[in-house]
Amino acid sequence: MNYTRTTALAALGVTGALLLTACGSDDSANDSSSKGSSSTSSSPTNGGSQSKGRSNSTGAQAGNTASGSGEGTESGSGAANGTTKTGGKAKAGGKVTFCKTPDLAINATNAAPDKSSGRIDITMVNRGSTTCSATGFAGVDIKDADHTSNPIERGHAQPRVTTLKPGDTAVFNLAYDIDTTGHSLASPTNILVTPPNETHTVSLKWPAAAGKIKGAYTDVQVYPTHTTK
């Protein structure tokens, strides 16, 4: 009987040990599975976080690129528009070149208003094919019979805008006092005219009907151009 009880107890002990081992194995497996599951679930989470980070980074870069692209496009477009407008202005006549001497028909005539006030009008007709500017003072020298050339000083007057379309006329004048004594020392023969902002000069005959100059050539003054309209 004692042998039987001992055997039964031993069998129970082995069974219990086996049960404990199995339980431990199950618990370990569960723990391992749980850890693995946790690790697996955390791995996608981390991956998602990284992916999100990349997405944000890419988005930021894309945003910056888009922003930069937008600014560049607007700036470039604005510059292009500005150029177009400026070009349009120039084409519309915002900028007019100065009249060239070969394109002007220039003449001098006596225009004295009375017997004491001498005045010579010098007209310039635009015979070119484009609009040009004759604004300002012309350069004037008076050539004397003794072959000397005398520069004429400017009168106190402000230049007026003088734009000439083809066929338009500009005029400027020389003013002086007429000598009525018959003792004038000036014997002018020619008027040398250089249009405003030009370097080419034309020589005009001194008008035969013009009165004698009182004093010296330094007493003659030239006034700025203006249109006849």
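What are the pairs with Cβ atoms under 6 angstrom where one residue, in segment 198-226, is in the same structural domain as Leu185 (by TED's automatic domain parsing) and of a type in the set (D, E, K, R) and the other, located anywhere, is at pLDDT 95 or above and surrounded by 19 or more Cβ atoms within 10 Å (Cβ to Cβ)? Sequence gap at least six, or different chains.
Asp219/Tyr176
Does any residue in segment 129-147 that is closer than 26 Å to Val161 by Cα come within less than 6 Å, Cβ to Cβ, of a residue that is outside any strand (DSSP E or B) and polar (S, T, N, Q) six or more places away or on a different chain, and which pairs are these?
Cys132/Thr97; Ala134/Thr162; Ala134/Thr225; Thr135/Thr162
Only one residue in Ala138, Ala209, Ala170 is closer than 24 Å to Ala105 by Cβ and over 47 Å from the mean Cα position of the chain (by Cα). Which one?
Result: Ala209 is the single residue among Ala138, Ala209, Ala170 that is closer than 24 Å to Ala105 by Cβ and over 47 Å from the mean Cα position of the chain (by Cα).
If you scan segment 167-189, which residues turn out to be more than 19 Å from Cys99 (Cβ to Cβ) and either in a loop (DSSP other than H, G, I, E, B) or touching a helix residue (DSSP H, G or I) at 6+ places or on another chain (Cβ under 9 Å) (or both)?
Tyr176, Asp177, Asp179, Thr180, Thr181, Gly182, His183, Ser184, Leu185, Ala186, Ser187, Pro188, listed by residue number.
Starting from residues that are in a loop (DSSP other than H, G, I, E, B), aliphatic (A, V, I, L, M) and under 35 Å from the mean Cα position of the chain (by Cα), keep the ones in segment 149-165 and report whichever is farthest from Ala210 (Cα to Cα).
Among residues in segment 149-165 that are in a loop (DSSP other than H, G, I, E, B), aliphatic (A, V, I, L, M) and under 35 Å from the mean Cα position of the chain (by Cα), the one farthest from Ala210 (Cα to Cα) is Val161.
Check whether at least one residue in segment 173-194 is touching a strand residue (DSSP E or B) at 6+ places or on another chain (Cβ under 8 Å), of a type in the set (Asp, Glu) and closer than 20 Å to His226 by Cα, and report yes or no. Lay out the reasoning, then the answer.
Filtering segment 173-194 down to residues touching a strand residue (DSSP E or B) at 6+ places or on another chain (Cβ under 8 Å) leaves 173-179, 184, 186-194.
Add one more test, that the residue is of a type in the set (Asp, Glu), and what stays is 177, 179.
Still in the list and also closer than 20 Å to His226 by Cα: none.
So far as segment 173-194 goes, no, none of its residues is touching a strand residue (DSSP E or B) at 6+ places or on another chain (Cβ under 8 Å), of a type in the set (Asp, Glu) and closer than 20 Å to His226 by Cα.
Of the numbered conditions (1) buried (at least 17 other Cβ atoms within 10 Å of the Cβ); (2) closer than 27 Å to Asp103 by Cβ, His200 satisfies every one except a single condition; which is it?
(1)
Is it the case, given these coordinates, that Arg127 is crowded, with 18+ Cβ neighbours inside 10 Å, charged (D, E, K, R) and either in contact with a helix residue (DSSP H, G or I) (Cβ under 7 Å, 6 or more places away or on another chain) or on the phi < 0 side of the Ramachandran plot (or both)?
no
The values are calculated or read from the model by the stated rules, or taken from the named source; none is laboratory data. Since the structure is predicted, the reported quantities are computational estimates derived from the model, not experimental observations. Cβ: placed from backbone, ideal geometry, glycine included. Neighbour counts: every protein chain shown.
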